[in-house]
Every structure is written in structure tokens, then in C-alpha cells.
Amino acid sequence: MRRPRSKAWIALLTTVMISSLSYGVEIRYQKSGDWFKIAVGSNADNGWRFNVGTIPGPADDARMNWNGGTVTLTNGVALVGSVQVGWDEVGHFVIGAGGDFSTTESVFTNFSSVGFNRAGSLTVQTGGTALFRSDLRIGQQGTGVGTVNIDGGTITVEGEIRLGEFGTGTVFVNQGGLLNLSGLTTNGVLSITPGSALDVRGTGQVIISGNATDAAALYVANGTLLGNGVTNNVDVQVSIVGLETNTIITGLVVIPNVIGNTLTAASNSIVSLNYTLGTVGVDYEQGVLSDIVLTQDPAGGITAPPATAVNLVIQEPLLPASRVDNLWMGTEDNDWMNPLNWSLGIAPVKETQNYRARTFSSNPILLTNSMQIVQLVVGQGGDSDPHILKITGGAQVYAGRSSSGGSLFTGIGHNRPAILTIETNSLLRTDNTTAIGQEGAGPHNVEVYLDGGSFIGPNWLSLGNANNQIFATITIDNGGFLSFQRIFENVLGPQNSTNGVINLLDGVIELNGNKSNYFETVIASGFIVIAPGLPYSIDVGVTTPNKTTLRVARPGYAAWAQTWGVDIGSETDDYDNDMADNLWEYAANGNPTNALDTGTAPMLENAAGVIRYIHLQRADDPFILYTVQTRDALTSGSWANSGTMVLGTEVTGGDYNVVTNLVNPVEDQSFLRVEVSIP
């Protein structure tokens, strides 16, 4: 009698368990925290709370959707009916090492989701696993954005996987990750919609039951199956072992582009993709920090077999580690590049040398090579006569930046008189504050000439030192360019007042920010002197964004020379080899690029015994001089500025006026010419 009663009780108990499994409840995690945490009390606590304060079980629907909170499962087992990450609110789920998560075939929702109708993410890290016995939907609704990262862990989906049915779903199978799928279609329809993607990266793998090559080919064609973020970059293989057939998808790994990375970062990137670090060479490239990768072989972006060696060349190290003075002595000649002119027997030409290039001699220096040096100081110690440096020939000189990343001030006339000239197409760029005439006992002068060249720095520019009677002058001519953050500052502090002037004859001064009122003030105060008779213009953000530009454009040869589309050279050059130099063609309306057009020649006119000599004169350049000269014989004597007088000038309204000169009567013969010059 007792045995049947016992069996009836067991049967009843089984029925109750099945009923509980079939009809679970929705349980929501409050805030962020560990999977096994239960919220206690108010909304301030974190853990499982709604609708019941218990850890979800095999029939329950676990929801992680609390204002972007993250639930973490590590070193434990979790079995639920289903899970929804990002349903009505943003949520995140991380399964770490030792985390074992799985779902049953609960009928509560009949599927799990990531980013159902809000943003949601699932991350399975190395040592973590997730098993979905029903469907997994990623980016389900139109507002859903689901992201799954398999970061070395394993996800298995026994049901269907859907990416972006109406929203957007992305699965990244990253280095060491594994995604096991029962199929890649839903009732024969592609289950990854356009705009969503399955991206297999590094050594990650996707294994699909059966032969799924046709479906994979369709995904590759529509750009939803990627390898390492690149379309048409996966390898699809069918594996048959006994009676079991699987399709294995891996990303075709490409060699990473590591140029511009540090050696450590480059090595990590190479090794992480199962390549190996090959040889590491050393070279020099101007302006690059030490230890940065300059070149690589093979190049980044190409497919290569695993274990391929990637050879690197990095920027040479900073040696010596501490900055060293290298003094210009000028004992051989005026060439910067001659090592015999320097105290260390090596010319400073690159920042990795870690030299302070410092002049100690008044022997002039000619610098014609582009370079970058750690520090430049012209005029510190040594001779009391002016220390002279000319940067010419298009040299681009960068000073003040170390290959370790630090920066140092640049000094011109640090404690000695100095003259710096920067000629056309040449540049001196400093990387920190720049002091012209900084310290030392005066009185003495420091002079800078921007003769068509550029002087640029990102920081302050100070001029002179009134307390020490050091006066500094910058003269900008022939299209010279001066650009700093601020000028008329003194790097030594308020006890040393500015003592200098900028003569702006023809060129540009550029300062950071809106400095229009500042420019007007320093012009009115005489700190900036504009060439007499020439207008100036100030614009804010027009010439250069976020900068104020002060410009004086002297009408003259330089402006005219730039209109021909080629570099015709200076006034004394003859670009088209027509025996008329560029200055004459400028003065006489010639074409310096056409040998058949030397301009309008002067004309001699005889009317009733009155001889007139007529020539053109530029109407827009008050600085050019036209001088009519005479001489009695070409084989003897010399040209004289006499024998004629100006009768009048016809103002044409164009670029050239017409000047008529009266020639004094002569007894025998006289020769005439027009000499053109620019003082």
C-alpha cells in the first residue's frame, strides 16, 4: 500500500517542477554588478530585484536593461530560461573567465536577445562560455542595436541566430574566439540582414553544422560576412570527419600597418595576429620620435600565412641621453655642414644627436641644408663681435624638438650680438619660446632679417632686454613671414622689459587668436613700423583660421614675379635668356617667360628739331627708379645722368605711364639709354 502512494507523490512532484520550468517570471537586474548579487531594500542597491528579488532560474527571463548597467558573470554557473540584454533600456552582459552561462528552451519568450529595441552588448571573454538552446536575436527591432564580442570565449547557438532583423546587429569573433552555429539561415532565408555583419577576426572561428558554403557565399557577396573588418576576406572550408560535416569560417588575416607605432605597440600588434617580429633595423627620419616604426616589410594590409616574419625599421635612439654642447668655431670655412667647424668634430644635423648647436665664434655661418636639431643658440659666449647665421637655398630648419618628445627654447643673440638672415623659400621653425637678445651685458644689438624667408614658432617671441641695454630688430622684406603665438613677450619675466622693433616693409606677421586691436596698438606705439607710404591690412581668420594676419604688400618686382606661374628668379636673372634681365622686363612691360617679348623699348622722336626721348614707367611702384643717361661715345667716357629733362608724364590709368624727356641740343652726336634700378 505504501509503494503506490510513494509513486503517486513522485509523479505529482515531477508535474510541479515541469510547471515551474514552463512558466517562469521576468527578473530584472538593477544597476551594475555581479550575477549572483541580489538587491536588498531600496533602489540604491544593485542586483536582481524586479519583479522578484531572486537570481533567475531555469524558467525565468533574465533582463539586463537598467540605464546602461553591466552585469558580470565570472567563476560560476548560470542557467536561465532566456536572457534579454538591451530591452526597453540600454544594458550590457559580460561573461568572464570561469563564467558558464546557458539557457533552457523556456516558453517565456522562446528566444534570447542582445539589443532587442535599445542598445545592448554581450561580451564573452577568454575562459567564458555561453550556450543558447533557443534562438538568439541581435538587433531585433528598428531601434535595436546589438553587439556581441567573442573575445577568446565560446558562444554556441543551438537555435537560430538572427542579426539585425529590423535593427542592427554585429558579431565580432575576435582573437581566439569561437562561435558554434546550427545554421546561417532562418527557414531558408538569410538571417544576417544588410547593415549588420558577422566579422571573424584574428584567429577567431565560426563553425556551422553541415555544409553552409552556399549561404556563406551569399553573405560575402552582400557584404555581411567580413574577415578582419574587410569584405570578401574570409576563408570558408568544409570539414568532414566520419559522419559529421561542418563548415569552418576564418578571417583572412592581413599584416597590420604598424608604421608610426612604438616598437612595443608594433610588436604586440604583429604577434596578436599570429605573425612574428622579424629583424629590427635603425634609421633616421627628420621629425620622428625615437623608437617609432619608420618602415615595415612586408607592408601592412596584405594577406600572409601565419608565422610570417615582419621586419621593422625604427627611428634611431636619442644619443647621448643628456644634451651636449657642440660649439661653432668656424675654423675651416663658413659651411655649417663641415664637421671641422664644430668643437665635437660632427656637424649638428638631426635631433637624435642631442646637441645644443651653439655659436662661439663670430665667423659667419652659411646653412643651406634642411635639418632638425634639439636646440639652436646663436651668440652664447665666445667672440664679442656679432655671431652671424644665414639660412638660405630653401633650407628648412627645425629647432627645439627632441626625439624623446621634449622641447627647448631657441636663442638668437643669447648674450652676444648676433645677425640672423632667412632668405627666400627658407625657414626657421622653433618648437618653444624664442628669445631674440635675451641676456648678457649690453649695450649691443641683435638683428633678424626675413628677406623673403619664414620664421615660425608655436609659442612666445621676445625682443630685446631694456634692463641690459640689448636692442633687437626684426626686418621683414620681400614677402617675409613671421608667425608666433605672441610677440613682445620676455621669457625672463617682468623684471626684463621688451626692447625691440619690427620693421614691416613687405611681408606678413601672423599671431594666434583675434589680435586686430593689439596690432593697431603696437603700430601706433612704434613697436611695429610700417614701410613709409605703404598701406597695411589686418584680417582675422580670413588668411589663416584662428589667426590674425597683418600684411604689407609693397607693389613691386616680387609681386609681379609671382604672376608668371614659374619661379623666374631675382631681378638680375634672365629667365628666358633674351638678353634682357627680369628687372628690365618688369620695368618695360616685358614677358620674362617669352624670349620674343622684351617689353616696350624707349623711343626717340624728332619734331622740328626738338628731340624727345620717350619710355614707359610703372605706375604702381614708387620705389623703382628710371634714369635717362647720355654719353658722347660708346668707346670712351661713361654714362652721365645729364643731358635731358622730363617734359611730362602721361597717366594712362593702367600699370604703366608714359614719360617724355627733352634731350638737350648736341653739336655732334649723343647716345641715350634708360637705367632702371630699385634702391
(request) Would you mention how many residues in the range 511-530 are open to solvent by less than 10 Å² (accessible area, probe 1.4 Å) and not in a helix (DSSP H, G or I)? (result) 2
(request) Being within 30 Å of A561 (Cβ to Cβ) and either more than 24 Å from the chain's Cα centre (by Cα) or among the β-branched types (V, I, T) (or both) is the filter; apply it to the range 454-472 and report the residue that is most open to solvent (accessible area, probe 1.4 Å). (result) I456
(request) From (1) closer than 30 Å to T433 by Cβ; (2) open to solvent by 60 Å² or more (accessible area, probe 1.4 Å); (3) assigned to a loop (DSSP other than H, G, I, E, B); (4) at pLDDT 90 or above, pick out the condition that doesn't hold for L596. (result) (1)
(request) List the number of the failed condition for S112; all other conditions in (1) out of contact with any strand residue (DSSP E or B) (no Cβ under 8 Å at 6 or more places or on another chain); (2) surrounded by 23 or more Cβ atoms within 10 Å (Cβ to Cβ); (3) among the polar types (S, T, N, Q) hold. (result) (1)
(request) Could you grab the pairs with beta carbons closer than 9 Å, sequence gap of 6+ or different chains, first residue in the range 594-616 and on the phi > 0 side of the Ramachandran plot, second one open to solvent by less than 40 Å² (accessible area, probe 1.4 Å) and not aliphatic (A, V, I, L, M)? (result) G599/E585; G599/Y586; G599/G590; G599/N591
(request) Check L294, L243, L318, L252 and return the single one that is modelled with pLDDT under 95 and either under 24 Å from the mean Cα position of the chain (by Cα) or buried (at least 19 other Cβ atoms within 10 Å of the Cβ) (or both). (result) L318
(request) Please tell me if T276 is in contact with a strand residue (DSSP E or B) (Cβ under 9 Å, 6 or more places away or on another chain) and modelled with pLDDT of 90 or more. (result) yes
(request) Have a look at G98, G57, G53 and point out the one that is modelled with pLDDT of 95 or more and either in contact with a Leu (Cβ under 7 Å, 6 or more places away or on another chain) or of a type outside the set (D, E, K, R) (or both). (result) G98
(message) Looking at the structure I just gave you, is E332 out of contact with any helix residue (DSSP H, G or I) (no Cβ under 6 Å at 6 or more places or on another chain), more than 22 Å from I412 (Cα to Cα), assigned to a loop (DSSP other than H, G, I, E, B) and not small (G, A, S)?
(response) no
(request) Return the total of residues in the range 335-374 being without any contact (Cβ under 8 Å) to a residue 60 or more places away in the chain and either in a strand (DSSP E or B) or hydrophobic (A, V, I, L, M, F, W, C) (or both). (result) 20
(message) If the requirement is being under 38 Å from the mean Cα position of the chain (by Cα) and over 21 Å from I55 (Cβ atoms), which of these qualifies: G144, G69, G127?
(response) G144
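The values are calculated or read from the model by the stated rules, or taken from the named source; none is laboratory data. In this text, all values refer to a predicted model and were calculated from it rather than measured experimentally. So basically every Cβ, Gly included, is an ideal-geometry build from the backbone, and we count neighbours across all protein chains shown. To get the accessible areas, we keep the full protein, side chains included, count just its heavy atoms, and leave off ligands, DNA and RNA. Shrake-Rupley method; radii C 1.70, N 1.55, O 1.52, S 1.80 Å.
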